[in-house]
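Everything on this sheet refers to the single structure shown next.
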Amino acid sequence: MRAKEVKTVPFIWFWPDGAASSAVVTHDVETNAGVDFISRLIDVDDASNIKTAFQLVPQERYEVPRALLDGIRERQCEVNVHGLNHDGNVFRDRKTFLKHVRLINRYVQDYGAQGFRSACMYRNADWYEDLNISYDMSVPNVAHLEPQRGGCCTVFPYFIGRILELPLTTVQDYSLFHILGDYSIDLWKRQIDLVMEKHGMLSFITHPDYLVDERALSVYKALLAYLSQLRSEQNVWIARPGDVNRWWRERSSMKLVVEEGKWRIKGPGRERARIGFACIENDHIEYKVEKSYEASARHESWPNSFSNWKHPSESLA
């Protein structure tokens, strides 16, 4: 912006309806105890008016009857596939992956799922093209306490080919309770503050298998209460991962154009889209969000080469 002597850049705001950030809550189900706790956990989530997604292990760990899938969906939650048998070997080598991915894709189809999360967050993004999924949730933004090191270093969704990655941006409940020994939401709150500073996506993994414990469940309820407070006071959009997937795909297809002296957003879903402006203020970037999908255009502030830039929404996201 300094190089072009531009003080303000418009872009399609990150989240629908001008939300400050987004949040997704997901549950990985690892054992029969977790399966038995699903219904009660949905009751807990519903008490905070938060709809979630359940990642189910399709082989060996427990039975996944049609009634379980239907029961989760009847309560407006999502069903996704969680690895194959949770042995952590799906991405061990290419031969093993190709053997397992055929079964995973069959379960994705049988479950009517769109999303996937690998067991233990093991991953190899170079192989994702073989997965018949719309979105993945297996990459952390940082991996301090994860089995596989490395992370994507972003708090926004991003595409890996045709698949949308929804990165994990907060500590898992297992790591919080059983590695750090922390039965509070203090760390979650610090992470939430950091992500919201960037208007990013807050994503959480909790396990019904661990939330069976009343002490852990009370901490989780405190997290839900805090997220509800953020929704009402700071305009955080709490959505299921499939909702974020649909929105981010719509947003990536929208265009920001100038018509009759106004910036306007074009494309399906534009009614929920908002125009954001990135402005240089006191040597750093500040954001402004308009209340509709059109805003006044100030042509004199734009360089002649602006039309050749990469789409601002892609560059800033």
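Tell me yes or no: at least one residue of region 239-246 is open to solvent by 10 Å² or more (accessible area, probe 1.4 Å) and either more than 23 Å from Asp28 (Cβ to Cβ) or more than 24 Å from the chain's Cα centre (by Cα) (or both). If you could, list the steps in order and put the result at the bottom.
So in region 239-246, the residues open to solvent by 10 Å² or more (accessible area, probe 1.4 Å) come out as 240, 243, 246.
Now drop any that are not either more than 23 Å from Asp28 (Cβ to Cβ) or more than 24 Å from the chain's Cα centre (by Cα) (or both), which leaves none.
No: zero hits.
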Taking region 258-279 and keeping residues in contact with a Ser or Thr (Cβ under 8 Å, 6 or more places away or on another chain), in a strand (DSSP E or B) and surrounded by fewer than 17 Cβ atoms within 10 Å (Cβ to Cβ) leaves Lys262, Cys279
Apart from one, (1) open to solvent by 20 Å² or more (accessible area, probe 1.4 Å); (2) not in a loop (DSSP other than H, G, I, E, B) all hold for Val64; the odd one out is (2)
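Every residue, every condition in (1) free of Cβ contacts under 8 Å to residues at least 24 places away in the same chain; (2) touching an Asp or Glu at 6+ places or on another chain (Cβ under 6 Å); (3) under 21 Å from Gly115 (Cβ atoms), yes or no:
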position	(1), (2), (3)
Ile160	no, no, yes
Ser175	no, no, no
Ile185	no, no, no
Val195	no, no, yes
His199	no, no, no
Leu202	no, no, yes
Arg215	no, no, no
Asn235	no, no, no
Arg246	yes, no, yes
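Does Val25 qualify as being closer than 27 Å to Ser228 by Cα and either part of a loop (DSSP other than H, G, I, E, B) or out of contact with any Gly (no Cβ under 6 Å at 6 or more places or on another chain) (or both)?
Numbers: closer than 27 Å to Ser228 by Cα: yes; either part of a loop (DSSP other than H, G, I, E, B) or out of contact with any Gly (no Cβ under 6 Å at 6 or more places or on another chain) (or both): yes.
Here the answer is yes, as Val25 does meet what is asked.
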Those residues of region 1-42 which are in contact with a Leu (Cβ under 9 Å, 6 or more places away or on another chain), among the aliphatic types (A, V, I, L, M) and either within 30 Å of Lys291 (Cβ to Cβ) or surrounded by fewer than 16 Cβ atoms within 10 Å (Cβ to Cβ) (or both) amount to Val9, Ile12, Ala20, Ala23, Val24, Val25
For Glu129, the lone unmet condition from (1) at pLDDT below 95; (2) in contact with a strand residue (DSSP E or B) (Cβ under 9 Å, 6 or more places away or on another chain); (3) outside any loop (DSSP other than H, G, I, E, B) is (1)
Only one of (1) touching a His at 6+ places or on another chain (Cβ under 9 Å); (2) open to solvent by 60 Å² or more (accessible area, probe 1.4 Å); (3) without any contact (Cβ under 8 Å) to a residue 40 or more places away in the chain; (4) of a type outside the set (Phe, Trp, Tyr) does not apply to Lys255, and that is (3)
Per the filter on region 86-118, residues surrounded by 16 or more Cβ atoms within 10 Å (Cβ to Cβ) and either among the aromatic types (Phe, Trp, Tyr) or in a helix (DSSP H, G or I) (or both) are Phe91, Phe97, His100, Val101, Ile104, Asn105, Tyr107, Val108, Tyr111, Phe116
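The values are calculated or read from the model by the stated rules, or taken from the named source; none is laboratory data. Remember, it's a predicted structure, so these values are computed and weren't measured experimentally. No Cβ is skipped: glycine too gets one built from the backbone with ideal geometry, and neighbour counts run over all protein chains shown. Side chains included, ligands, DNA and RNA excluded: accessible areas come from the protein's heavy atoms. Shrake-Rupley method; radii C 1.70, N 1.55, O 1.52, S 1.80 Å.
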